[in-house]
Every structure is written in C-alpha cells, then in structure tokens.
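The values are calculated or read from the model by the stated rules, or taken from the named source; none is laboratory data. Just so it is clear, the structure is predicted and the values come from calculations on it, not from any experiment. Cβ placement follows ideal geometry from the backbone for every residue including glycine, while neighbour counts extend to all protein chains displayed. SASA here: full protein model, heavy atoms, side chains in, ligands and nucleic acids out. Shrake-Rupley method; radii C 1.70, N 1.55, O 1.52, S 1.80 Å.
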Amino acid sequence: MHLPRSGVLLLLVLLLALAAGLFLTTQEHRLGSDVWPSYGLESVQSIEVATRAERYSLAKDSTGWVVRSAGAEADSLPTPADKVRIEALLSAISHNRPTQSLGQVPESELAGYGFSEPTVRILLKPSTLGLGEVLLTFGHEAPTGAALYAQSSHSPGVVFLLDASILHQIDKPAEHYFDYRMLDLHTDEAQRLTVTGASGIQWELERKDDSFFFLRPESLKGSTVSSSEVRLFLHNLSAINADSILVKNDHQPPGRPSFTLDILMAKATEPLRLEIFPQGETEQAFGRSTRHPGGFLLDREKSKTLFRLAFDMQWRGVITYDSARVQSARIFSVMGNQTLVAENTPNGWEDRDRGRKLAGLDLSLWRLKELRFEAEPVAKLGYPAVQRLALELFTKDAKMLTSFIFYTDPRLPPEQCWLKVGTEEMYYPVGTQIIEELQGYLPSRTVRPPGD
C-alpha cells in the first residue's frame, strides 16, 4: 500500500518536528547539567544576591538561616530568614535551566545583553564537598520578551537563554526573605508560660503531662487550666506575624513593656521572650523578642489578641453530669407557657406527648455541657433579672439527675444570660445561644383562657 504524496510529506514533517524536539530536549538537559547549578538547601552555605536596588546575603549560621544586608551599619543585626522562601529560590534556579546557548560572545558585546548592569546577580556558595561556587548573572530580556539572557561562571563568556518567568522569582528585595514570626515556637514543647504586666507577674502556667496548671496567682495555684484556651493562645503566638522587622537597634521605646511573655521550652535553660510596648495613638505596636531583638512593628488589633488574663485561662466549665444516664428531659418556658417532655428512645429523641422527632436535641445537650462562664458568678440575683427557661434531666427510673434555670438580665451584655445549676446558690453568666436552641424544641405556645 502506497501513501499519497501529501501523506508522505506530513509524515516527514512529523518526523522532523520529533527530531527537533528531541534535539532541543537533549541540548537543554546537556546545558543544564553542565553549566547550571541544582543545589538543595542542605548543600548550600550562603547565597549572595545583588539586584539593581540592593545587595544582601542569605546565610546559614548557628541559629539557622539569616538575612544580612551588605554595607549595613555595625550595630545592625542579622534578620532570621524564612527557610521556605530560600528553598523556593533554589528551586526556581534548579528548575529554570538554560533552553539555548548563544555560544561565546566577545566581551565588548556583553553590554548589549545587559551584563554591564545586570538585573540580578546570584552567587551560590555550597557547604557540600565537591560542589563549587557558581555565579549566575541575569541581563536583559530578549526582544520577544519570552526569554532572558544569562551567564554562568561555569561557562565564562557564554550567553544563555532562559525562560523570562524566572525573573519574577529571583528579583526580590531582602525583606522578601525575612521570617516575620515573632517567636520560633513549637507549641507542643512549651513547658512553662509566664505573663508579666506593668505591675508584675499576672499569671504563670506549668505543664504536667498533657495538662497545664496555675502556679500564679496564688488564688488559682494548682487549679486546672482550660486546654482549649492554652492551645488558642499558643496558636496565636505562632500564627500571627509581624508587619515589619526593624534591623537596627536605634528604635527602642522608652519605659517598660505593657506585656511580657516568657515561654520555657522542653530541654531549654533560657525562655523565649516576647515584649509588647504601650501603643499610644499609633496604628502599630512596637514589639521585641528573642527572635527579633532589634524589634518589630505589629498591627494594634493583632497585638490585642495576644493579651490574656488569668480569668481567660481558667477552666470555666459550669455543668458536669453523666450523659449516659439521661433518659428524659423537660423544657419549660415560663414566659411562653410552653412545656416539652422529651424521651430518649432507640430511634433518637422524641416528643412524648406529640410523637414528633426532636432532631438535634442530643447535640444541644452536648453544647450545654460545653458552656463556660463569661465573667465571675454571683451568689444573689434580683430585679430586673427574670426567669426565661428551665431544663430538667431525668434518669431511667424518672429520678431528677440535675436541673438548669436560665435568666435574662438587661444588665448583662446582649449575648449573655444567667444560669443556675441544680440547688447550687450561684448564678453564672453564660452565652444565650443555648436558650435559643432549647426554645426551638418547644411546641407552639399555649394560650391561656380568659380568667385563668
């Protein structure tokens, strides 16, 4: 069977295209392996970067990776570096190898490619034996805008073409590599937390096994701490970043900090320290830490989330009872003259009198146990507080397990109400959401006949 002439021509074109692609791929691989570095973070000691705006180095020292600005004053401190961004820089270099070589170019013509005033210079100094230093120089973009002229010290005088997109990955200011975390904190390793205010130590916690307990204030010593509050507190410390890092020591505020936190980590002899200073009317607070001794600026709203009182850290549970013993429940609204008796059946909670399903009541009872008081409780409650809702829980033999009475009070914040538990003469301010949930299970309001 003979192919028509057009088919032969098409086959030849395809073969030529395949051969050209194979040639370019082979050339690109050869160029990359011979002249272009592919260094990982673990094999590099330092990276010197020179852009048209500044010069700086990314270096590995005893504390980790740091950023140092060239020509900085003697009192300037190295800034901790973001290791992930340094890895991204090395990855951008490794994965954007030359696509084409233009061969040796006379020195007198190099200026035309942008090498007399390069866009970026990067000097890689490896820490691994057998790897040599390499200087990469990036010049102008090619007339098409799709490629970038570059040189490598591994092939002196040779000009290469790279994909121009690499420029957006390597032409970065020093601040791009700053680590803006206030502390290098591994939350699971925190052993002791000490918070000091302007007037002295406010509270101190110590870890025992998987829980924290109060050491100070004396009135709370030995009492349990809310695990969720500690987790949230430590999470905020590790998640909130500074807005800007100060690299000199000449911006130190007068006076004492309004908030100081010391965190002693496992196996450490000295604690990590964070200090926040009074803000005044400024939009940013000044902070200082063991990680950034020169200081940093932090949005004032962010800084407010760092403050916690001893009260905030307490375990503030109000309700304890054995959920497995609850067989029935009675919800009663005095104001609405509404009553519901709910049975816990094999098919879930049901309205005993009306036979309707009460989907979600088990979840509401779980939320009830999770209630936390929002301020100090009181021993007496009077006008204008009024009873809003009552809940009684019963065991299988119809004995009352416990009871709860909720009161509304215009003196409380709108999202809070009072809760009285059982026969205890104490009233706790709690969130009102649980009232709205329980109210939702009640049947339609019963209208009392006239004269009752």
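For the reader, a short list of remarks on this structure follows.
- Evaluation of Met1 against (1) at pLDDT 60 or above; (2) assigned to a loop (DSSP other than H, G, I, E, B) (one fails), failing number: (1)
- Restricting Leu123, Leu148, Leu162, Leu136 to residues that are touching a residue at least 12 places away in the same chain (Cβ under 8 Å), open to solvent by less than 20 Å² (accessible area, probe 1.4 Å) and within 19 Å of Gln45 (Cα to Cα) narrows the list to Leu136.
- Qualifying position, being on the phi > 0 side of the Ramachandran plot and either touching a residue at least 40 places away in the same chain (Cβ under 8 Å) or β-branched (Val, Ile, Thr) (or both), among Gly40, Gly103: Gly103
- The residue of region 283-318 that is surrounded by the fewest Cβ atoms within 10 Å (Cβ to Cβ), among those that are within 30 Å of Pro429 (Cα to Cα), in contact (Cβ under 8 Å) with a residue 24 or more places away in the chain and in contact with an Asp or Glu (Cβ under 7 Å, 6 or more places away or on another chain), is Asp312.
- Residue list for region 209-224, filter: at pLDDT 90 or above and either closer than 15 Å to Ala190 by Cα or surrounded by 12 or more Cβ atoms within 10 Å (Cβ to Cβ) (or both): Phe212, Phe213, Phe214, Leu215, Arg216, Pro217
- Strands (runs of 3 or more DSSP E) contained entirely in region 60-164, each with at least 1 residues that are among the hydroxyl-bearing types (Ser, Thr, Tyr) and under 40 Å from the mean Cα position of the chain (by Cα): 64-69, 134-141, 147-152
- Residue selected from region 91-120 under the condition closer than 25 Å to Arg55 by Cβ and among the hydrophobic types (A, V, I, L, M, F, W, C), by the criterion most open to solvent (accessible area, probe 1.4 Å): Ala111
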